[in-house]
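Asker: Please read through the structure below; I'll follow up with questions.
Read-outs: derived from the displayed coordinates by stated rules, not from any lab. Keep in mind it's a predicted model, so treat the numbers as computed, not measured. All Cβ positions, glycine included, derive from the backbone under ideal geometry; neighbour counts span all protein chains shown.
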Amino acid sequence: MSILAGALSNHVFAQPRAHQERLLIFAMVGHRMSRTRPFGNTMETDRQPLWKCPKCNEQFVTRNMWHSCGKFTLEALFARSEPQVFGLFNRFAEMVRLCGPVTMIPQKSRVAFQVRVRFAGCYPRKSHLICAFALPRVVDDPRFFKVEKFGPHFVGHSIRVFTDADLDQDLQRWLHEAYDVGAQRHVKP
């Protein structure tokens, strides 16, 4: 078992049994880590069910949405990063989970977080993370090095995270707002 898988396993199974299912985002399969559905209902009840790709089982708001059908691991994604970058990622992921039930999806170049739609993600670099998330509005803050408008209620904001100090209350507040974008609370059913 890898160090990464062992650390995750120790964290999850050190919790009371009632909380294990809620905390378990990854299931260990041999030396690979694959995602599983988290505890909790992540969809609004008046929304259409998500479409599931028959090849990779990824879920999307619309049928046949373009994607790469890959199976990726955190180990591979963080292989070229310095060890503290994975620690920053863990703290960012915990901040996202504080917003509500999410699905974490490792991809080739990032880790995405999804409620109904993907609303946040991390791009590991050698010595830092790029954290991106969607807000329903443009936020003017010097920490954002990139802001892109994708739709009327979906504005991407990107920041660089070098230390724990960058993972502050402002970021937590923005993530709560981004979680609502991921749940499509700004879109009428």
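Asker: Output wanted: per-residue J couplings in Hz (rounded whole) for the range 177-184, from phi through Karplus 6.51 cos²θ - 1.76 cosθ + 1.60, θ = phi - 60°, x for Gly and Pro.
Answerer: Going residue by residue, I get 5, 5, 4, 5, 5, x, 7, 6 Hz, with x marking Gly and Pro.
Asker: Round to the nearest 0.05 the FRET efficiency obtained for Asp164 and Val138 when R0 = 41 Å and r is the Cβ-Cβ distance.
Answerer: Taking R0 as 41 Å, the efficiency between Asp164 and Val138 is 0.95.
Asker: Which order do the peptides 111-122, 94-105 take when ranked by the mean count of other beta-carbon atoms within 10 Å per residue, highest first?
Answerer: Details: 111-122: 23.0, 94-105: 17.9.
Sorting 111-122, 94-105 by mean packing, highest first, produces 111-122, 94-105.
Asker: Continuing with the same structure: Mind ranking 134-146, 170-182 by how tightly packed they are, going by the mean number of other C-beta atoms within 10 angstrom, highest first?
Answerer: Details: 134-146: 13.5, 170-182: 19.2.
The most tightly packed comes first, giving 170-182, 134-146.
Asker: Counting pairs of alpha carbon atoms under 8 Å apart in space and at least six apart in sequence, what relative contact order in percent does the range 70-182 give? Present the calculation step by step, with values, prior to reporting the outcome.
Answerer: Working: 204 pairs, mean separation 29.4, N = 113.
The value is 26 percent.
Asker: Nearest 0.05, what FRET efficiency do Glu82 and Arg185 give at R0 = 25 Å with Cβ-Cβ as r? Display every interim value, and only then the final one.
Answerer: Details: r = 37 Å, r/R0 = 1.47.
Between Glu82 and Arg185 the formula returns 0.10.
Asker: Once you list every other residue whose beta carbon is under 14 Å from the beta carbon of Arg80, what net charge do they have if Lys and Arg are +1 and Asp and Glu are -1? Write out the running numbers ahead of the final one.
Answerer: Values: positive: Lys108, Arg110, Arg125, Lys126; negative: Glu75, Glu82.
Value of the local net charge: +2.
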